[in-house]
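Any read-out appearing in this document is the output of simple, stated calculations on the displayed coordinates, not a laboratory observation. This structure is a prediction, so every number in the text was calculated from the model and none was measured. We place every Cβ from the backbone using ideal geometry, glycine too, and count neighbours over all the protein chains shown.
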Amino acid sequence: MNAQALHGHLDALLLAVLERGAQHGYAIIEALRARSDGRLDLPTGTVYPALRRLERAGYVASDWSTVNGRERRTYELTDAGRRALADQRSGWREFSATVGRFLDPGGAPATPR
């Protein structure tokens, strides 16, 4: 699945990954890949700009740490990020239920003739 297919949903996915705890960028990419059974294999050029955007919005905070002698930026969900994730989940449920009425064969009520 490519980044364009995720348009509008990437931020929510990143916030959901960080809900489990602080992680560095590569670990976030790996978590997306693992939790999607390999379907979300996003390049760093997609994920890092989104993380910076989320940080500017106040949804994530970052800090530098040293792991195995390497400097890494670690990202963490803020309280505002938790609220944003809750809003995203609510919106997703509504969206998927509405679209499901059309795309799910058993989901659409019969239209009167």
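Going by a ≥ b ≥ c, the root eigenvalues of the Cα gyration tensor, does the stretch 16-92 fall in the rounded group (a/c under 1.5), the prolate group (a/b larger than b/c) or the oblate group? The shape class here is oblate.
Just Arg39, Arg89, Arg101 to compare: in a GNM of the chain, with alpha carbon springs under 10 Å, which one fluctuates most? Maximum fluctuation in the GNM of the chain, among the listed residues, is at Arg101.
For the residues Ser62, Ser36, what sequence is obtained by ranking on other C-beta atoms within 10 Å, fewest first?
By the 10 Å Cβ count, ascending, the order reads Ser36, Ser62.
Once the C-beta distance of Tyr26 and Arg83 is scaled by a Förster radius of 25 Å, the resulting FRET efficiency is 0.40 to the nearest 0.05. Close amide H pairs (under 5 Å, H built 1.01 Å from N) link Thr74 with Asp63, Trp64, Ser65, residues at least 5 positions away or on another chain.
Sorted by mean Cβ packing within 10 Å, highest first, what order do the peptides 14-21, 92-99 take?
Going by the mean number of other Cβ atoms within 10 Å, highest first, we get 14-21, 92-99.
List the DSSP H helices in the chain whose Cα atoms stretch 27 Å or more along the helix axis and whose mean Kyte-Doolittle hydropathy is at least -1.0. The qualifying helices are 79-103. Relative contact order of the stretch 3-101: 30 percent, from C-alpha pairs under 8 Å at least 6 residues apart in sequence. For the pair Ala16 and Arg56, label points projected 7 Å from Cα toward Cβ lie 2.5 nm apart.
This ranking places Val60, Val47 by how few other beta-carbon atoms lie within 10 Å of each, fewest first, which gives Val47, Val60. Note on the chain: helix-only mean residue ellipticity at 222 nm, from DSSP H runs of 4+ residues weighted -39500 (n - 2.57) and normalised by residue number, equals -16500 deg cm²/dmol. Net charge around Gly21, counting only other residues with Cβ within less than 13 Å of its Cβ (Lys, Arg = +1; Asp, Glu = -1)? Net local charge, Gly21 excluded: 0. Placing +1 on the Cβ of every Lys and Arg and -1 on the Cβ of every Asp and Glu, with no other charges, gives the chain a dipole of roughly 180 debye about its Cα centre.
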